[in-house]
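Novice: Pasting a structure here, questions to come.
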Amino acid sequence: MSVKPKKELGQHFLIDLSIAQDIASLLTGHAGPGQAPYREILEIGPGMGVLTQFLLQDNRFDTYVIEIDRESVEYLNQHFPALSGRILPSDFLNIRPDLLPTKQPDSTTPFAVIGNFPYNISTQILFKVLDMRDRVPELVGMFQREVAQRVASGPGNKDYGILSVLLQAWYDIKYEFTVPPDVFNPPPNVFSGVISLKRNDKTELGCNERKFTQVVKHGFSQRRKTLRNALKPLNPTEAALASPFMNKRAEQLSVADFVQLTNLMQQADQ
């Protein structure tokens, strides 16, 4: 039995074992600062288990997988007995976070996320992980190369944007390597990129997090304009308007700069 890749699910099965092994090896097992090493990992969209087999070989981890494709679930059950009771036949984007990865209600167990993510939902996966950042100390994933570059880019880079800032506020991010189309079935029309995210030591940003997200999103909504113009809909305070940040474009600000600007945006006018 083999699984037919389904276009509607964005499936491109990795067929190069060496690349799968390289991806699996990027997991360190280290949790955030001051936390014990994690044991549980969750692979999203394992398909026929090309990556899964290497995860199962690593005795540091208890491997769980979540798969929406029924045909893939059947294949995994037949070929990977070690996954018995550890296959979640569900949609990662819609499953309750407290059911991940062990199905233990109200679980607070830390776990890493890994996978060759479907391109059509990869950004949504990152935002869901961001919401669970206190439980997810590490992520290793394969994305469309442009998305991977965007996530890992720093200030001053044309790829630097909303996703870069929001994720880099909580994670240290590294672009690991590029993957060509011909190692997939079927080959995608683009190159892929593998990145790793490791939770930093922040427990809070030092500003109102909702306002921070609002400032970042508005700042990049018209990225060619200065922040003085891009942030007009948020009614900047006098303190914010007097800041040199307002004469810059969003792509020129670091995460720390956005935190500082967010506080200025909420500073009461004198």
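The values are calculated or read from the model by the stated rules, or taken from the named source; none is laboratory data. Just so it is clear, the structure is predicted and the values come from calculations on it, not from any experiment. Please note: Cβ atoms are built from the backbone with ideal geometry, for glycine as well, and neighbour counts cover all protein chains shown. The area values use the complete protein model at the heavy-atom level, side chains included, leaving out ligands, DNA and RNA. Shrake-Rupley method; radii C 1.70, N 1.55, O 1.52, S 1.80 Å.
Novice: Considering the zone a paramagnetic label at residue 22 would reach in this model (a point 7 Å from Cα along the Cα-to-Cβ line), which residues of the stretch 84-115 have amide N under 16 Å from it?
Specialist: Counting backbone N atoms under 16 Å from the label point, the list is 115.
Novice: Using a Gaussian network model of the chain whose springs link C-alpha atoms within less than 10 Å, name the residue from 199, 135, 210 with the highest mean-square fluctuation.
Specialist: 210
Novice: Sticking with this structure for a sec: List every residue whose amide H lies under 5 Å from the amide H of residue 179, counting only residues 5 or more places away in sequence or on a different chain, with H placed 1.01 Å from N in the peptide plane.
Specialist: 192, 193, 194
Novice: Please report the equivalent ellipsoid semi-axes of the chain, computed as sqrt(5 x eigenvalue) of the Cα gyration tensor, largest first, in whole Å.
Specialist: Taking √(5λ) for each eigenvalue gives 37, 20, 15 Å, largest first.
Novice: Mind telling me which of 169, 230, 242 comes out most flexible in a GNM of the chain, alpha-carbon contacts under 10 Å?
Specialist: In this elastic network of the chain, the residue with the biggest mean-square fluctuation among 169, 230, 242 is 242.
Novice: Given R₀ = 25 Å, FRET efficiency for residue 210-residue 132 by Cβ-Cβ distance, to 0.05?
Specialist: 0.90
Novice: Please report the carbon-and-sulfur percent of the accessible area for the chain; probe 1.4 Å, protein heavy atoms only, DNA, RNA and ligands left out.
Specialist: 47 percent
Novice: Heavy-atom accessible area per residue, the chain, 1.4 Å probe: how many Å²?
Specialist: Here the residues of the chain average 48 Å² of exposed surface.
Novice: Next question. For the stretch 217-222, in order, what is each residue's ³J(HN,Hα) by Karplus, 6.51 cos²θ - 1.76 cosθ + 1.60 with θ = phi - 60°, in whole Hz (x at glycine and Pro)?
Specialist: These are the phi-based 3J(HN,Hα) values: 5, 5, x, 8, 5, 10 Hz.
Novice: From the alpha carbon gyration tensor of the stretch 118-270, can you work out the equivalent ellipsoid semi-axes (sqrt of 5 times each eigenvalue) and give them in Å, largest to smallest?
Specialist: 32, 17, 11
Novice: Compute the relative contact order of the chain as a whole-number percentage, counting only Cα pairs closer than 8 Å that sit 6 or more residues apart in sequence.
Specialist: 16 percent
Novice: For the stretch 209-265, I need the span (max minus min coordinate) of the C-alpha atoms along each principal axis, in Å, sorted largest to smallest.
Specialist: Result, largest extent first: 23, 21, 19 Å.
Novice: Applying 1/(1 + (r/R0)^6) with R0 = 45 Å to the Cβ-Cβ distance of residue 91 and residue 267, what FRET efficiency is obtained, to the nearest 0.05?
Specialist: 0.60
Novice: Just subtract the alpha-carbon distance of residue 108 and residue 84 from 0.36 nm times their residue separation and send over the number in nm, one decimal.
Specialist: That pair, residue 108 and residue 84, stretches by 6.4 nm at full extension.
Novice: Considering the chain as a Gaussian network with a 10 Å cut-off on Cα pairs, which listed residue, 112, 152, 82, attains the greatest mean-square fluctuation?
Specialist: Result: 82 has the largest fluctuation of those listed.
Novice: A further question follows. Is there a pair in 128/217; 198/225; 158/211; 174/202; 6/174 whose C-alpha atoms are over 26 Å apart, and which pairs would that be?
Specialist: Pairs exceeding the cut-off: 198/225; 6/174.
Novice: May I pose another question? Which peptide among 141-147, 187-193 comes first, and what is the full order, when sorted by highest mean count of other Cβ atoms within 10 Å?
Specialist: My ranking of the peptides, most packed first, is 141-147, 187-193.
Novice: Can you find, among 187, 31, 101, the residue sitting farthest towards the positive end of the charge dipole of the chain, where Lys and Arg contribute +1 and Asp and Glu -1 at Cβ?
Specialist: Farthest towards the positive end: 187.
Novice: Could you size up the charge dipole of the chain around its Cα centre, putting +1 on the beta carbon of Lys and Arg and -1 on that of Asp and Glu, and report it in debye to the nearest 20?
Specialist: Using only the charged Cβ atoms, the result is roughly 920 debye.
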